[in-house]
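Working notes, beginning with the structure itself.
The values are calculated or read from the model by the stated rules, or taken from the named source; none is laboratory data. Note that the structure is predicted; figures quoted are calculated from it, not measured. We place every Cβ from the backbone using ideal geometry, glycine too, and count neighbours over all the protein chains shown.
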Amino acid sequence: MRFLFIILLLFSFATSESIKIATSANVSYAMSELKETFLKQNPNSRVDIILGSSGKLTAQILHLAPYDIFLSADMKYPFRLQKENLTATEPKIYAKGSLIIFTIKDNIDLSKGIAVVKDAKKIAVANHKTAPYGKASVEALKNAELFKIAKPKFINGESIAQSVQYSLIATDIGFIAKSAIFSNKMKKYNKIGKNWVDVNRSLYKPIEQGVVILKRAKKSNLAKKFYEFLFSKEAKTIFQKYGYITD
């Protein structure tokens, strides 16, 4: 019986598949549930998640980091990888992210909308050169003619996750991904109007988030399954739960 158990165990290891998914930081809040749901459908599998800013993950992939799928917060990065012949699929939008202004301060009046930057002494913003949500934040401020007022107050995070952290400990307000307020650590700060308000979507271009299977995984059945899962009804429901737009 023991011998049979060992044989079955070795067989399960031999037949299991694993993939590494490079994921932009803003998707981290939804990814654990996506992964859990996917593994229920594919129990004999392993999925490793690597988090970072879209720009830094792209740089790693350009240096041949061993990732199988890339979920970016900006379509430009999957297109860049496609141009470098490092993708096995066309870049495709899996969700659209939206931007909010967030605070834990009682003296911040979010009813002013984006004009609240005039009252803030310190503002958390993701790096607009590498992080798409940072780029959207700057775009919104410029279109609202508030960028010159806000820029000297910026505390820049390398990713949207770092900007969330700065919003909690170091700044008066932060421009963050709406998905962030659905994380476990942010649940006590998810009161609309008090802790956050949407940034008017007319002030910035939709944050189209894209995914590609990378060339090294073009023959991976598990990578293909996870890629297809991202566009399933179950995945769309999860994305919507975490503040994304999937229509």
When Ser159 is run through (1) modelled with pLDDT of 90 or more; (2) of a type outside the set (Asp, Glu); (3) closer than 21 Å to Leu57 by Cβ, the failure sits at (1)
By residue number, the members of the stretch 117-142 that are crowded, with 18+ Cβ neighbours inside 10 Å and over 29 Å from Thr246 (Cβ atoms) are Val117, Ala120, Ile123
Please determine whether any residue of the stretch 139-146 is touching a strand residue (DSSP E or B) at 6+ places or on another chain (Cβ under 7 Å), outside any loop (DSSP other than H, G, I, E, B) and under 22 Å from Tyr189 (Cα atoms). no
All but one of (1) modelled with pLDDT of 95 or more; (2) in contact with a strand residue (DSSP E or B) (Cβ under 9 Å, 6 or more places away or on another chain) hold for Ser28; state the number of the condition that does not hold. (1)
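Answer yes or no: is there a residue in the stretch 79-89 that is among the β-branched types (Val, Ile, Thr), modelled with pLDDT of 95 or more and farther than 25 Å from Ala235 by Cβ. Explain how you work it out, then say what you get.
So in the stretch 79-89, the residues among the β-branched types (Val, Ile, Thr) come out as 87, 89.
Filter once more, so that each one left must be modelled with pLDDT of 95 or more: 87, 89.
Imposing the further condition that a residue be farther than 25 Å from Ala235 by Cβ reduces the set to none.
Checking the stretch 79-89: not a single residue is among the β-branched types (Val, Ile, Thr), modelled with pLDDT of 95 or more and farther than 25 Å from Ala235 by Cβ.
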I'd like the residue in the stretch 92-113 that is in a loop (DSSP other than H, G, I, E, B) and hydroxyl-bearing (Ser, Thr, Tyr) and, out of all such residues, is nearest to Val27 (Cα to Cα). Ser98
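Among the residues of the stretch 124-138, is there at least one that is in a helix (DSSP H, G or I) and of a type in the set (A, V, I, L, M, F, W, C)? Give the steps one after another, and end with the answer.
Let us first name the residues in the stretch 124-138 that are in a helix (DSSP H, G or I), namely 132-138.
Filter once more, so that each one left must be of a type in the set (A, V, I, L, M, F, W, C): 136, 138.
Scanning the stretch 124-138 turns up at least one residue that is in a helix (DSSP H, G or I) and of a type in the set (A, V, I, L, M, F, W, C).
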Among strands (runs of 3 or more DSSP E) completely within the stretch 149-247, the ones holding 2 or more residues that are in the same structural domain as Leu71 (by TED's automatic domain parsing) and surrounded by 14 or more Cβ atoms within 10 Å (Cβ to Cβ) are 207-213
Return the residues of the stretch 49-91 that are hydroxyl-bearing (Ser, Thr, Tyr), in a loop (DSSP other than H, G, I, E, B) and within 14 Å of the chain's Cα centre (by Cα); say none if nothing qualifies. Ser53, Ser72
